[in-house]
Amino acid sequence: MITLTVNGQTHQIDAEPDTPLLWVLRDFLGHNGAKYGCGIAYCGACTVHVDGNAVRSCIVPASAAEGSDIRTIEDLDNHPVQQAWIEHQVPQCGYCQSGMIMAAKGLLDRNPEPSDADIDAAITNVCRCGTYTRIRTAIHTAAATMREARS
Amino acid sequence: MKMEVSRREFLQGSGSAAASLVIGFHVPLKPARAQFGGPPEPFVVDRDMVNAYLTFNSDETVSIVSAAAELGQGSLTSLPMLIAEELELALEQVRIEQAPLNESAFKNRLFGYQTTVGTSAVRWAFDPLRQLGANTRELLRNAAAVTWDIPLEETVADRGRVTHPASGRSLSYFELGETAAGMEIPTDVPLKPQSEWRILGTPFPRWDTEAKSTATANYGIDMQVEGMVVATIAATPVPGGTLRSVDPEPALSVNGVEEVVTLDDAVVVTATNYWSAKKGLDALDPQWDLGPVAARNSENIREEMLHLLDQPGNEAVNEGDIESAMQEAAQVVTATYEAPYWAHATLEPLNATADYRGDSIEFWLGTQSPGRIQSMCALTFPEVPQENIIVNNQYLGGGFGRRGDPMAPEQAALVSRQVGKPVKLIWSREEDMTHGAYRPKSVIRMEGSLDGEGRVTGFRGRIAVQSTLASLIDNPDVPFDPFATEGLIDDDYRFPALNFEYHSPRPGIPVGFYRGVGFIHNTFYRESFMDELAHAAGRDPIEFRLELAGHRERNVLLLNTLAERSNWGHPAPGNVQGVAFAYSDESTVGEVFEASVSDDGRVRLHKITCVCDVGVYMNPMMIEHQMESAITWGLTSAMYGEILIDNGATRQRNFNEYELVRISHIPEIDTVILPPTDTPGSGGECGAPPAPPALANAICAATGSRLRSMPFRIHGISFA
Ligand code: FES
Ligand code: FES
């Protein structure tokens, strides 16, 4: 049994302790927002937040996340990053975008006013559809919205 | 156009989704590629086909069935725009529904299946959907005129209602439905001129954006079906191989594993969850009979292709007197180029959920070709009547030509038959990459002749490339391959003499459609080689191209716009520029890459200027997105893409061995769309082919060395 706290709810899960967090979220909890792309921490489609950090859930054993605060895209409710994604019409096939949004939120939580270079350094997720220039613009828009909300 | 209104279809229910009026209509389709080089018989599409339906709803929305799978290109948004424009709807009144599988109604006759080929769905639908909207609008106006007993001219259709301004009366399309159903549908209704468009031609948001930004879009891999098991698969590592034996025990001792299932050419583990299935599969040691393709590797495939270049091949084009052009030339330039196999690497690996029920099979997956699944499964499962094979299409995590393959759903159904439960089969990334239908490897030799003034007098070449067409129609003996030379012999450039031949070797490696198809490597060849010729002639590369492309005014406009917008010839200090220009898929695109290159081959892109001529377009914002997307696609292919074959098996297994371009590599992309014409082009693919040569030409401008093979990584080029 593994005990995980996901989006504020605690679950007892009958999964093998080495099961990656990604597959616990998807196959045991029905949270399908985090996607499987590579399973080797390359693509970032599986990005979720663990204790406030954006992590690639495909290589985090679920047992290692016990006691942590796990947040998935399902936890976001019209977040400024999502608003910006819609405003700039970022998604194409959309498969990478949950991970992108969580990675972008992770960046903005740490750095409220990222430069292009900061974005380039922080967003290492891949998008096979090539939505990169929109992602960059949307992150700047989300950053501005979040700063306004704060002030 | 033939339309039928069936009174039977009226449902007087009060629910908001109640169907009111269903009109079947026929859509004439053109071949996917205009440039078929060989005998056209089985492939020309010359008859109307039904591929969509309209339903008027009581809540004043209109449902439109789209036969095109949403690949990410935005066709779900564009298609209703066509109807909405003529039907005088506000766009938010339009609902799109995926086509149900109906072979006769939806099949694309080029390949005989319901399929979304390339990005042609919108182009094919351009006139028919507008006509449908126009004729239906007139029908509804007629119905109102009859109801109110007034002349037709006094009615106005707007926002899903017909009104009579003089009296202030107004009825919704839904309310007019019953009257309309008993009336003749007007034909030959003139379409609105572009100048009167209110929706088309303006930037309009896609309506799948919200679902895709909030993780509510359901992809095939997200399917949950009552009672299902999750499965993963290892198929023969070598195409054509078969499973000899496997000891299931090691998998069965993994917690969560249910069964080990063997197929002729694969072993599958089913479990309560993916991770258990994967662990179980990894614990197995299947033994294979690999078959003859195991003798093939990248080196001997390449040697066979190079050898073919010394022998006459199938003639694709022979215009003018090429021999004299070469003999009388002041200069002849010769070069050999090549490109490797490329993997689609869709970010969502292939997967399918199947429920085999003995007399029926139901599928859930994202597919570009539901019809191909149906016809393939009808062969594999003769006990199941074809009409009982149901395909529920889901969002696709990338198509790019890969998701027309019926293999994964067929495997899922075979497993479901054996285990007696619904099965969600997920290919691991490793399975996906090693079992692709790759863009075929090719090698080419080109010769260009120049006269004393540096003008091209002749262009000829011979290419060896596996036939994509043969693999697509499952017929290795198809006698011609239009994809072999597309991008080399199109009419965007005119040469006094032009001669191309091709060979179709058959090394046994599976190949398939890949975004850009033949154009993407052939444009790299042609546009790199044109740069070589321009250099040999001592001429400016854009001015040189203007001469070749100048027979079309639009080409001149495009190249001049490109030169101006990119500040051609005046890069920022320390930067270089490279240009490429190409027709593909009914559209023309020119790109200038401005880059800097360090001494150790590290490339930084500073700006990409893209000028495209996509004819008339529905949504300029979507065209911009598609150009950005396609350029990124071209860059990944050019820099990194390389599938190598060892003893018949694919060497690269995951993204760490098959890199993808990232955000840090992509600079500002400035896209200019030429003013619309009146025929639609296609935005989805045409941005990709110029990207590899524009980059190669920029690198050559910086380093002086000509990159004659992809990926550029193997030449020591990397992104800074
Ligand atoms: S699936 Fe986790 S990084 Fe790719
Ligand atoms: S939108 Fe398709 S992978 Fe990013």
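The values are calculated or read from the model by the stated rules, or taken from the named source; none is laboratory data. The model shown is predicted, which means the values in this text are computed figures rather than measured ones. Note: ideal-geometry Cβ built from the backbone for every residue, glycine included; neighbour counts use all protein chains shown. For accessibility, only protein heavy atoms count, side chains too; no ligands or nucleic acids. Shrake-Rupley method; radii C 1.70, N 1.55, O 1.52, S 1.80 Å.
Given the criteria in contact with a Cys (Cβ under 9 Å, 6 or more places away or on another chain) and hydrophobic (A, V, I, L, M, F, W, C), does B:Phe381 qualify?
Numbers: in contact with a Cys (Cβ under 9 Å, 6 or more places away or on another chain): no; hydrophobic (A, V, I, L, M, F, W, C): yes.
No: the conditions fail for B:Phe381.
Within segment A:7-21, how many residues are closer than 16 Å to A:Asp75 by Cβ and either within 16 Å of ligand 2 (Cβ to nearest atom) or out of contact with any Asp or Glu (no Cβ under 8 Å at 6 or more places or on another chain) (or both)?
Initially, segment A:7-21 is screened for residues closer than 16 Å to A:Asp75 by Cβ, giving A:7-11, A:21.
Next, from what is left, pick out any that are either within 16 Å of ligand 2 (Cβ to nearest atom) or out of contact with any Asp or Glu (no Cβ under 8 Å at 6 or more places or on another chain) (or both): A:9-11, A:21.
Residues in segment A:7-21 being closer than 16 Å to A:Asp75 by Cβ and either within 16 Å of ligand 2 (Cβ to nearest atom) or out of contact with any Asp or Glu (no Cβ under 8 Å at 6 or more places or on another chain) (or both): 4 in total.
Got a number for residues in segment A:116-136 being open to solvent by less than 50 Å² (accessible area, probe 1.4 Å), away from ligand 2 (no atom under 16 Å from the Cβ) and closer than 12 Å to B:Pro667 by Cα?
1
Evaluate the following for B:Thr671: is it touching a residue at least 24 places away in the same chain (Cβ under 8 Å), surrounded by fewer than 23 Cβ atoms within 10 Å (Cβ to Cβ), within 14 Å of chain A (Cβ to nearest Cβ) and of a type outside the set (Phe, Trp, Tyr)? Break it down into steps so the answer makes sense when it comes.
Numbers: touching a residue at least 24 places away in the same chain (Cβ under 8 Å): yes; surrounded by fewer than 23 Cβ atoms within 10 Å (Cβ to Cβ): yes; within 14 Å of chain A (Cβ to nearest Cβ): yes; of a type outside the set (Phe, Trp, Tyr): yes.
Spelling it out, B:Thr671 is indeed touching a residue at least 24 places away in the same chain (Cβ under 8 Å), surrounded by fewer than 23 Cβ atoms within 10 Å (Cβ to Cβ), within 14 Å of chain A (Cβ to nearest Cβ) and of a type outside the set (Phe, Trp, Tyr).
Just to be sure, is B:Phe513 within 29 Å of the chain's Cα centre (by Cα) and open to solvent by 10 Å² or more (accessible area, probe 1.4 Å)?
Numbers: within 29 Å of the chain's Cα centre (by Cα): yes; open to solvent by 10 Å² or more (accessible area, probe 1.4 Å): yes.
Considered against the rule, which asks whether it is within 29 Å of the chain's Cα centre (by Cα) and open to solvent by 10 Å² or more (accessible area, probe 1.4 Å), B:Phe513 comes out as yes.
Is there a residue being within 25 Å of B:Pro422 (Cα to Cα) and either within 16 Å of ligand 1 (Cβ to nearest atom) or buried (at least 17 other Cβ atoms within 10 Å of the Cβ) (or both) anywhere in segment B:328-341?
Within segment B:328-341, the subset within 25 Å of B:Pro422 (Cα to Cα) is none.
Taking every residue of segment B:328-341 in turn, none turns out to be within 25 Å of B:Pro422 (Cα to Cα) and either within 16 Å of ligand 1 (Cβ to nearest atom) or buried (at least 17 other Cβ atoms within 10 Å of the Cβ) (or both).
Yes/no matrix, rows are residues, columns are (1) small (Gly, Ala, Ser); (2) in contact with a Leu (Cβ under 8 Å, 6 or more places away or on another chain); (3) within 16 Å of ligand 1 (Cβ to nearest atom):
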{"site": "A:Glu74", "(1), (2), (3)": "no, no, no"}
{"site": "A:Cys93", "(1), (2), (3)": "no, yes, yes"}
{"site": "A:Lys105", "(1), (2), (3)": "no, yes, no"}
{"site": "A:Ser115", "(1), (2), (3)": "yes, no, no"}
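Here is a yes/no grid of residues against (1) buried (at least 17 other Cβ atoms within 10 Å of the Cβ); (2) assigned to a helix (DSSP H, G or I); (3) hydroxyl-bearing (Ser, Thr, Tyr):
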{"position": "B:Ile489", "(1), (2), (3)": "yes, no, no"}
{"position": "B:Asp492", "(1), (2), (3)": "yes, no, no"}
{"position": "B:Phe500", "(1), (2), (3)": "yes, no, no"}
{"position": "B:Ser528", "(1), (2), (3)": "yes, yes, yes"}
{"position": "B:Glu532", "(1), (2), (3)": "yes, yes, no"}
{"position": "B:His551", "(1), (2), (3)": "no, no, no"}
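Working only within segment A:65-83, note down all residues that are assigned to a helix (DSSP H, G or I), facing chain B (nearest Cβ under 9 Å) and open to solvent by less than 60 Å² (accessible area, probe 1.4 Å). If you could, list the steps in order and put the result at the bottom.
Here is the first cut: in segment A:65-83, the ones assigned to a helix (DSSP H, G or I) are A:65, A:73-75, A:80-83.
From what is left, the residues that are facing chain B (nearest Cβ under 9 Å) are A:73-74, A:81-83.
The answer is A:Ile73, A:Val81, A:Gln82.
Checking B:Leu707 against (1) at pLDDT 95 or above; (2) open to solvent by 20 Å² or more (accessible area, probe 1.4 Å), which test does it fail?
(2)
Within segment B:398-435, which residues are within 14 Å of another protein chain (Cβ to nearest Cβ), open to solvent by 10 Å² or more (accessible area, probe 1.4 Å) and outside any helix (DSSP H, G or I)?
Passing the criteria: B:Phe400, B:Gly401, B:Ser428.
Quick one: in segment A:21-61, of everything that is in contact (Cβ under 8 Å) with a residue 60 or more places away in the chain and either at the interface with chain B (Cβ under 8 Å from one of its Cβ atoms) or away from ligand 1 (no atom under 14 Å from the Cβ) (or both), which residue is surrounded by the most Cβ atoms within 10 Å (Cβ to Cβ)? Full working, then the answer.
Taking segment A:21-61 as the starting set, the residues that turn out to be in contact (Cβ under 8 Å) with a residue 60 or more places away in the chain are A:33-35, A:37, A:42-45, A:47.
Still in the list and also either at the interface with chain B (Cβ under 8 Å from one of its Cβ atoms) or away from ligand 1 (no atom under 14 Å from the Cβ) (or both): A:33, A:35, A:37, A:42-43, A:45.
Values: A:Gly33: 24, A:Lys35: 29, A:Gly37: 31, A:Tyr42: 22, A:Cys43: 28, A:Ala45: 29.
So, considering only residues that are in contact (Cβ under 8 Å) with a residue 60 or more places away in the chain and either at the interface with chain B (Cβ under 8 Å from one of its Cβ atoms) or away from ligand 1 (no atom under 14 Å from the Cβ) (or both), the one surrounded by the most Cβ atoms within 10 Å (Cβ to Cβ) is A:Gly37.
Sort out which residues of segment A:84-115 are within 14 Å of ligand 2 (Cβ to nearest atom), in contact with a helix residue (DSSP H, G or I) (Cβ under 7 Å, 6 or more places away or on another chain) and part of a loop (DSSP other than H, G, I, E, B), and write them in order of number.
If the condition is that a residue be within 14 Å of ligand 2 (Cβ to nearest atom), in contact with a helix residue (DSSP H, G or I) (Cβ under 7 Å, 6 or more places away or on another chain) and part of a loop (DSSP other than H, G, I, E, B), then A:His88, A:Gln89, A:Val90, A:Pro91, A:Gln92, A:Gly94 are the ones that fit.
Anything in segment B:185-215 that is within 14 Å of another protein chain (Cβ to nearest Cβ), part of a helix (DSSP H, G or I) and in contact with a strand residue (DSSP E or B) (Cβ under 9 Å, 6 or more places away or on another chain)? List them, or say none. Reasoning before the result, please.
Step one: of segment B:185-215, the residues within 14 Å of another protein chain (Cβ to nearest Cβ) are B:202-215.
Next cut, part of a helix (DSSP H, G or I) only: B:209-213.
Scanning segment B:185-215 gives B:Ala211, B:Lys212.
Please give the number of the condition B:Gly684 fails out of (1) more than 20 Å from B:Ser528 (Cβ to Cβ); (2) open to solvent by 30 Å² or more (accessible area, probe 1.4 Å).
(2)
So A:Arg136 passes all but one of these: (1) within 16 Å of ligand 1 (Cβ to nearest atom); (2) of a type outside the set (S, T, N, Q); (3) modelled with pLDDT of 95 or more. Which condition number does it fail?
(1)
If I ask for residues that are away from ligand 1 (no atom under 16 Å from the Cβ), assigned to a loop (DSSP other than H, G, I, E, B) and in contact with a strand residue (DSSP E or B) (Cβ under 9 Å, 6 or more places away or on another chain), which ones from segment B:377-397 would you list? Steps first, please.
Taking segment B:377-397 as the starting set, the residues that turn out to be away from ligand 1 (no atom under 16 Å from the Cβ) are B:377-396.
Now drop any that are not assigned to a loop (DSSP other than H, G, I, E, B), which leaves B:381-385, B:394, B:396.
Result: B:Phe381, B:Val384, B:Gln394, B:Leu396.
Hey, does segment A:89-107 have a residue that's farther than 22 Å from A:Gly37 by Cα and either assigned by TED's automatic domain parsing to the domain that holds A:Thr47 or charged (D, E, K, R) (or both)?
Checked against the condition, which is being farther than 22 Å from A:Gly37 by Cα and either assigned by TED's automatic domain parsing to the domain that holds A:Thr47 or charged (D, E, K, R) (or both), segment A:89-107 yields no hits at all.
Conditions (1) at negative phi; (2) open to solvent by less than 40 Å² (accessible area, probe 1.4 Å), marked per residue:
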| site | (1), (2) |
| --- | --- |
| B:Ser170 | yes, no |
| B:Ile185 | yes, yes |
| B:Lys192 | yes, yes |
| B:Pro237 | yes, no |
| B:Gly240 | no, no |
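Do any strands (runs of 3 or more DSSP E) lying entirely in segment B:301-365 carry at least 2 residues that are away from ligand 2 (no atom under 16 Å from the Cβ) and farther than 30 Å from B:Gly516 by Cβ, and which ones are they?
On the way: elements: B:314-319, B:331-339, B:351-356, B:361-365.
The strands (runs of 3 or more DSSP E) meeting that bar are B:351-356, B:361-365.
For B:Gln374, work out the one condition from (1) assigned to a strand (DSSP E or B); (2) outside the structural domain of B:Pro692 (by TED's automatic domain parsing) it doesn't fulfil.
It fails just one condition, (1).
Need the failing condition index for B:Thr179 against (1) surrounded by fewer than 18 Cβ atoms within 10 Å (Cβ to Cβ); (2) at pLDDT 90 or above, just the number.
Single failed check for B:Thr179: (2).
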